[in-house]
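The values are calculated or read from the model by the stated rules, or taken from the named source; none is laboratory data. Please read all numbers here as calculations on a predicted model, not as lab measurements. As a convention, Cβ positions derive from the backbone with ideal geometry for all residues, glycine included, and neighbour counts pool all protein chains shown.
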Amino acid sequence: MSANKTLVLLGVYVEDAVATARDYEERLSMRRIAEHFIRTESATSECIIMAGSDEPPWVVIFSGQGKESIAARIVAERGVGLHRLVYLTAEYDRDLAWLRGRNLGRDGLVTLADQSSLRRVSAPLSELGVIVDLVEKPGTEHWLMPLLRSLGCDAHYG
């Protein structure tokens, strides 16, 4: 992979995102900068982004309940902990080729408010115990909430 990447999100999977976010606020003086909740008849998923500063990397706290919740499945299979790293890359095509050369990655799009989109690839790196997401570097400032929604709704995990 290219060195021209910026780590923007560290994905931590927990039993209760709301309680964990409250602990981060009280104990670590972090603040919530975004959140996304998905509720269906058979599942609930929660994603809360916590920041210690105005610049990334930020922590995304994921949790869920129900058999359709990706976060709940990850916690059940892997336990609580750091399981996702999200990078913005200025060399998306080069990084995608690197992953493809290792038979890794599932493509997706992050739709932005202006109906443009960013390309995104998710790749489980089982030897490291993490999912790596590479997202092409946006030309706009309004990418965080659409990216958060795409992570919370992503039906693929490794």
Quiz item: For the stretch 81-90, does any single residue satisfy the condition of being within 15 Å of the chain's Cα centre (by Cα), modelled with pLDDT of 90 or more and of a type in the set (D, E, K, R)?
Solution: yes
Quiz item: Hey, Arg39 hits all of (1) out of contact with any strand residue (DSSP E or B) (no Cβ under 7 Å at 6 or more places or on another chain); (2) of a type outside the set (A, V, I, L, M, F, W, C); (3) under 17 Å from Val86 (Cα atoms) but one; which does it fall short on?
Solution: (3)
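Taking the conditions exactly as written (within 16 Å of Ser150 (Cβ to Cβ), of a type outside the set (Lys, Arg), part of a loop (DSSP other than H, G, I, E, B) and free of Cβ contacts under 8 Å to residues at least 40 places away in the same chain), does Asp107 satisfy them or not?
Numbers: within 16 Å of Ser150 (Cβ to Cβ): yes; of a type outside the set (Lys, Arg): yes; part of a loop (DSSP other than H, G, I, E, B): no; free of Cβ contacts under 8 Å to residues at least 40 places away in the same chain: yes.
When the stated conditions are applied, Asp107 does not pass them.
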Self-check item: All positions within the stretch 18-47 that are under 14 Å from the mean Cα position of the chain (by Cα) and small (Gly, Ala, Ser)
Solution: Ala34, Ser45
Practice problem: Could you please find all residues in the stretch 112-158 being modelled with pLDDT of 80 or more, among the small types (Gly, Ala, Ser) and either under 23 Å from Met50 (Cβ atoms) or part of a strand (DSSP E or B) (or both)? | Solution: Ser117, Ser122, Ala123, Gly129
Practice problem: Output yes when any residue across the stretch 89-108 is closer than 30 Å to Glu25 by Cβ and either in contact with a helix residue (DSSP H, G or I) (Cβ under 7 Å, 6 or more places away or on another chain) or not basic (Lys, Arg) (or both), and no when none is. | Solution: no
Exercise. Please list, ordered by first then second residue, the pairs with beta carbon atoms under 6 Å, 6 or more apart or interchain, first in the stretch 50-68 and in contact (Cβ under 8 Å) with a residue 24 or more places away in the chain, second among the hydroxyl-bearing types (Ser, Thr, Tyr) and surrounded by fewer than 16 Cβ atoms within 10 Å (Cβ to Cβ).
Key: Gly66/Ser42; Glu68/Ser42
Quiz item: Which residue pairs have Cβ atoms under 7 Å apart, sit 6 or more places apart or on different chains, and have a first residue in the stretch 70-93 that is without any contact (Cβ under 8 Å) to a residue 40 or more places away in the chain and a second that is part of a loop (DSSP other than H, G, I, E, B)?
Solution: Ala72/Gly66
